Each structure stands twice: as C-alpha cells, then as structure tokens.
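Note sheet for the following structure.
No value in this document is a laboratory result; all are computed from the given coordinates. Just so you know, these numbers come straight off a predicted model, no measurement behind them. Here the Cβ is made from the backbone with ideal geometry for all residues, glycine too, and neighbour counts use every protein chain on show.
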Amino acid sequence: MSPRRLPKVLIVGAGLGGLTLAAALEQRGYEIEVFERDAAPESRDQGFVVNLETGLAALDRIGLADAVRRTGFATAGLKILNSSGKVLIEFPSHDAFSIARPTLRRLLLSAVSESSILLGARAQRYAEDDRGVTLYFDDGSSVRGDLVVACDGVRSALRRQRVGDALIYVGVTIVGGEASGDTAAAAASSKAFSEGKFMTLTPRGSCYSTPLGAMQDRIRWSVGIAAIEGEIDRQFPDRGALKEELLRRLGDCHDPVPRYLEAIAPEELNIRQVYDREPLDPGPGGRMTLLGDAAHPMTPYRGLGANLAMLDALDLADALDTAGDVNSAVAVYERKICRRGNSAQVMSRQVARAMHWDEAFMCSLRDLQLRVGGAVAGLFRNIRR
Ligand SMILES: Cc1cc2nc3c(=O)[nH]c(=O)nc-3n(C[C@H](O)[C@H](O)[C@H](O)COP(=O)(O)OP(=O)(O)OC[C@H]3O[C@@H](n4cnc5c(N)ncnc54)[C@H](O)[C@@H]3O)c2cc1C
C-alpha cells in the first residue's frame, strides 16, 4: 500500500499560533507555506510579556518548552488589590513561565525552516473547490494547497470572508507604559509590589503591573479605563493631558501606582482599545479553518490568548494526523477549539467588564465578593495574567 499523501497546508500569519502550527506540521513531514504580511519579523512592535501555562505543554510537543524555561522566568502569583492596596484575592502561579513576547516569537521563528516563510505576503481571500483551495494575495498573486489556516490574528481578513462578523469593542481602553531605573527600584520596596505583579481595581480604572524579566528592573503597567470607543484618543490628543487624567483617576492609589504614572514621559504612553468577537460556530469541515485570535479573539484580562493559540495549533496537527481527510480533520478540530475557545472568550469579556465597573456601589460589592469567594470571585477564577 502506498503511503498516505500528506496535505499541503497554507498558513496565513506568522504570529504565535501560526508559527507553532508550522513547526508542529514541519516536524511531522507536512509540506507547509507560511505567509506573513510584515516585510520583516521585527517590523511591528511585538508587545511585552506573555505568561505561559497550558501553552507550555504545546511548546513541549514541538521541543521548545525547555528553551522558554531557560529564556523566560517563573511567573509570580497575581494579587488583586483595592485602591488602598488591600488584597482582595490572590492567585498562585500554577508553575507558569513568563517570557517577553518578542523573544517567544523569535524562538518560534527559529523552529520553522526559513524557506517555508514568505514575508511581505498579505493574504486577501481564499476559494475552495473539489480538489483543493486557492489563496489570493493583495498583489494579485495566488497559491494552491489542500488546506488554508487563518492565523491572521484579531483583525483576520480570512475570518471576514468566512464569517463576516464585526469586532466588538468591550468598553475598555488600555493606556500603557513602562517603569524602569529608579522608579522600578523604588516600586520594589512598596508592600503591594509583590514581585512586580498585581492588579489594582478602583471605580476610576484598573492598573495591571507585570515585570518584564526575572530582575524586576523593568515593569510594564497598563491602566484600564471604562470608556466609549475612541473617547480616550479623541479627548486626549495631547499626551500630557492624558497623563494628568491618569493621575486624576489613580493618583491616590497605593504605592507604586502613582509612582508609575508620575515617572512616565507622556510621549511614551500608548493607547489600545480592547476588542473581541462573538463566539465562532464550528463548521461542517472544509478546506479552510481558523486558529488562535482569528478563531476566538479575547480580552487580555484572563491572559489566555497566546496559550490557546498554541494549543489550537497542536490540536489541528493531531486532527490532520488522525482523521482520514482534510474535511473531517477540520470538523473535528473546530468542534474542539470552539468548545474551549468560546467559553474562554465569554469569561474573558465578563471579567474585563467586571474589572472596570465604574459605580462605587457595584465596585464595593465586587470587592466584597472577591474577598469572601462569592459569585464574582468565580468569574475571576483561573486568571493567568
Ligand atoms: C501586549 C499583549 C500582551 C499579551 N499577553 C498575553 C498573556 O500574558 N498570555 C496570553 O495567553 N496571551 C497574551 N496576549 C495575547 C496573545 O499575544 C495573542 O492571543 C496571541 O498572539 C494570538 O496568536 P495568533 O497567532 O492568533 O495571532 P498573532 O500572534 O496576533 O499573529 C497574527 C499574525 O498574522 C499576521 N497577519 C495579519 N493579517 C495578515 C494577512 N492578511 N496576511 C498575512 N499575515 C497577516 C500578523 O502580522 C501577525 O504576525 C497578549 C497580547 C498582547 C498584544
């Protein structure tokens, strides 16, 4: 009997999910091609730190978990605090590892052969037929394969074609910055610092703090504000005024929150609106599927997006290995990732909103429930940030 011909897989997006899939499939002998819109791996800011827990199991299966453990650092537990620094609830780290997102991406890039990745290739649409699928690019070129996997992130062009749904603004805008040098050193002596990792909740906004390395000498912080879409950018084109606004909202919080805000140069503030989408319905199978943020974009407030993207990648590789054909593999895979991803997505939206309630009474109720383990505490359970 002749050996089974392995399908040729076209992967759109060289992010965390797409590269994990590429590495897993290459190691199993599949022909793959990865298409990335960016002209160079570092041409876009790759963000700050990700905490890996379940994602580590996926990286273990492509031989990268030890490199992550060597390059990253053990994740501290997360304390959720009120504005005066009182601990409302505390989550252990579950043996998680943190790693700078750009470093993780570089590790993943090194696990895929260079010749399999085409940079500067922006996918636009796909067309399926009985014999395969064609992927079209915005420069008019196209390529044939047996399966297209959309790993093109939260603004996925291929999802737009398959589902056509809109991004949903969840009502939270994040203003972020970094503390280093004297500010980070002084912050380390504060009671709330907790190895640089804490989340403070107030009716005027939240402040999340996380170290960028084991030394805790660089801290990434982000203030979440309940706001109408675009409101923060519109109201504060002058970043000096935005800094004043952050201080007005959180300047009376426990140390080191005011310290972070006072030290930041206004031009270093960055603004990001938080979006997700409605959960995806699994399809009947086909020659196109979605993975990671393209399948289940979620708010960062449960710290799960990267972990799930990497788990999806291994699940798709396993489904292709075990199902008889591409169609059935896609059907099995989508049922699995929709079950897992959709509930994470919904919880992640709920927790983002509950963290940004702006009515003092509701916030007191939430804080009380967090302290005594009420229903709201259940919503916050298993936060992995
Ligand atoms: C600042 C920040 C911190 C985060 N922290 C955590 C954390 O602690 N834990 C966690 O689990 N998750 C975290 N996340 C979320 C996590 O990074 C994402 O969920 C994860 O990267 C999703 O992987 P992905 O492969 O689906 O998408 P991405 O990693 O976003 O990759 C998408 C790729 O597709 C490319 N692309 C887009 N459109 C096209 C196109 N048309 N054609 C070709 N290429 C295209 C993009 O350039 C990009 O390279 C964080 C995210 C951010 C931004």
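Numbers for the structure displayed
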| quantity | calculated |
| --- | --- |
| Over the chain: helical MRE at 222 nm, DSSP H runs n ≥ 4 each giving -39500 (n - 2.57), nearest 500 | -11000 deg cm²/dmol |
| Derived scalar couplings ³J(HN,Hα) [the range 311-320; Karplus, 6.51 cos²θ - 1.76 cosθ + 1.60; whole Hz; x for Gly, Pro] | 5, 3, 4, 6, 5, 5, 4, 5, 5, 5 |
| Scattering curve values for the chain, log₁₀ I(q)/I(0), Debye with Cα scatterers, q = 0.07 Å⁻¹ | -0.33 |
| Viscosity 1.002 mPa s, temperature 20 °C, Stokes-Einstein D of the range 196-246 from Kirkwood C-alpha radius, µm²/s | 172 µm²/s |
| Along each principal axis, Cα extent of the range 246-349, largest first, Å | 61, 22, 20 |
| Kirkwood Rh, Cα atoms: Rg over Rh of the range 169-275 | 0.95 |
| Peptide ranges 184-194, 46-56 listed from the most packed, as the mean C-beta count within 10 angstrom indicates | 46-56, 184-194 |
| Segment Gln46-Thr322, length gained on full extension (0.36 nm per residue, minus Cα span) | 95.9 nm |
| ³J(HN,Hα) computed for each position of the range 196-201 - Karplus, 6.51 cos²θ - 1.76 cosθ + 1.60, integer Hz, glycine/proline x | x, 10, 7, 9, 9, 10 |
| Filter on Lys191/Lys243; Lys79/Lys191; Lys79/Lys243 - keep pairs with C-alpha separation over 18 Å | Lys191/Lys243; Lys79/Lys243 |
